[in-house]
Structure formats: structure tokens, C-alpha cells
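Have a look at the structure below, then the notes.
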Amino acid sequence: MSDDRSHSSLLVPPSTQDRIQGVLSAKVVLVMYGDYQCSRSADVYKMIKVIKRELSASFGEDYLCSIFRHFPQTQIHPHAQRAAQAAQAAAAQGQFWSMHDTLFAHQQKLENGYLVEYANDLGLDIPQFLKELSKQVHIARINEDIEGGIHSGVTSAPALFINGTRYTGHCNTAKLMAAIIAASH
């Protein structure tokens, strides 16, 4: 019987293949496995944005690198997988983080029609975007994230790893920030 705590290490190291904000050589690399339809993932992501802003202001841009990996929980979130594909389709046009923010901001509206609307708002090439969604071009990439997560003991989103170690503390801004700062020493 293995539970979540038996795997506390990130077994797929951060790489340039990841969706990255910051530099991989940062003092602290924070990896988040998330699901666009999961309200806790959205809360944690908002927290990370605040923390990243504060730490960059205090310690410089290269202090914290944050990485997002897809972990759509399709059994409870029917639109999570499509949303992840939309984010990857936006990434193909250099707009991953804008789409990422939009999806988390509009969690209640992730049906296909909305995804196209968001793509349009971001000025994406819509025929290209639709073609990639309908052909499921990015599904392998998303599945890679999921498999890597499962391999590292992730069973649900959100899951966080700080410098390769699973963060299991309380998810509030102060505690997470303290853990990030502690990891940099």
C-alpha cells in the first residue's frame, strides 16, 4: 500500500520542455501540477503569482522559477483536459501564460465555445487553434505531464514541489513563501 507521502521527490527534473516563468538556474524552482477546472489549483496559482512578485522585488528576478505542469483530473473535471489542450495550443503561438491566466480566471467557463473566445481575445490564429484542438495535437504532451506527476507520487492537483521535494505544508501565502525561502539556503 503506497500513499502520497511515499514519493516526496520530483522524478522528472525541470527542463526547457516545461512551461517556465523565470530561469531554470534560479535559487528555487517551484513546480506545480495543476488542473484548470480545480478551484484549489487556481487558488494556489494565484498565491504563487503573489509570492513570485514579492520575492522578485526583494531578491531579484532569478530567485524563483515557477513551472506549470498539467494534471487534469478528468474523472471529476470534464473540461480540464480540453482546457489543458487550449493552453498548449496557445503555447504553440507563444501565448501560454496569457491563456493559462485566462483559464484560471474563468474556471466556470471552460466549454469549447469559451476556449475559442479566449483564443480570439489573445489574438491567436483561430483556424490553427481549432485545428490543433480537434486533432488533439497536444494530448501526448499533456499525458507526459500526467505520467511524470503520477511517477512522482502525485494523485491529485494541485501538487507542489520546491527544488524537487514535495511540499506538503499548508497552502497559504505565508507558509509557502517561508518554505520557498528556506529551500534557497
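Tell me, which helices (runs of 4 or more DSSP H) lie completely within segment 87-142 with 2 or more residues that are on the phi > 0 side of the Ramachandran plot and either exposed (fewer than 15 other Cβ atoms within 10 Å of the Cβ) or not charged (D, E, K, R) (or both)? The helices (runs of 4 or more DSSP H) meeting that bar number zero. For segment 68-80, a residue qualifies if it is surrounded by 22 or more Cβ atoms within 10 Å (Cβ to Cβ) and touching a helix residue (DSSP H, G or I) at 6+ places or on another chain (Cβ under 8 Å), and the qualifying residues are F68, R69, H70, F71, P72.
Among all residues of segment 88-97, there is none that is within 26 Å of T168 (Cβ to Cβ) and more than 12 Å from the chain's Cα centre (by Cα). The residues in segment 57-83 that are more than 16 Å from R40 (Cα to Cα), part of a loop (DSSP other than H, G, I, E, B) and in contact with a strand residue (DSSP E or B) (Cβ under 9 Å, 6 or more places away or on another chain) can be counted, and the count is 1. Among all positions in segment 56-67, there is at least one residue which is within 18 Å of T173 (Cα to Cα), of a type in the set (S, T, N, Q), surrounded by fewer than 20 Cβ atoms within 10 Å (Cβ to Cβ) and modelled with pLDDT under 95. From the list G149, G164, G153, G169, the lone residue that is touching a residue at least 40 places away in the same chain (Cβ under 8 Å) and touching a Leu at 6+ places or on another chain (Cβ under 8 Å) is G164. For segment 143-173, residues that are surrounded by 14 or more Cβ atoms within 10 Å (Cβ to Cβ), in a strand (DSSP E or B) and of a type outside the set (K, R) total 5.
The values are calculated or read from the model by the stated rules, or taken from the named source; none is laboratory data. Because the structure is predicted, anything quoted here is derived from the model rather than measured. Here Cβ is always computed from backbone atoms with ideal geometry, including for glycine, and neighbour counts include all displayed protein chains.
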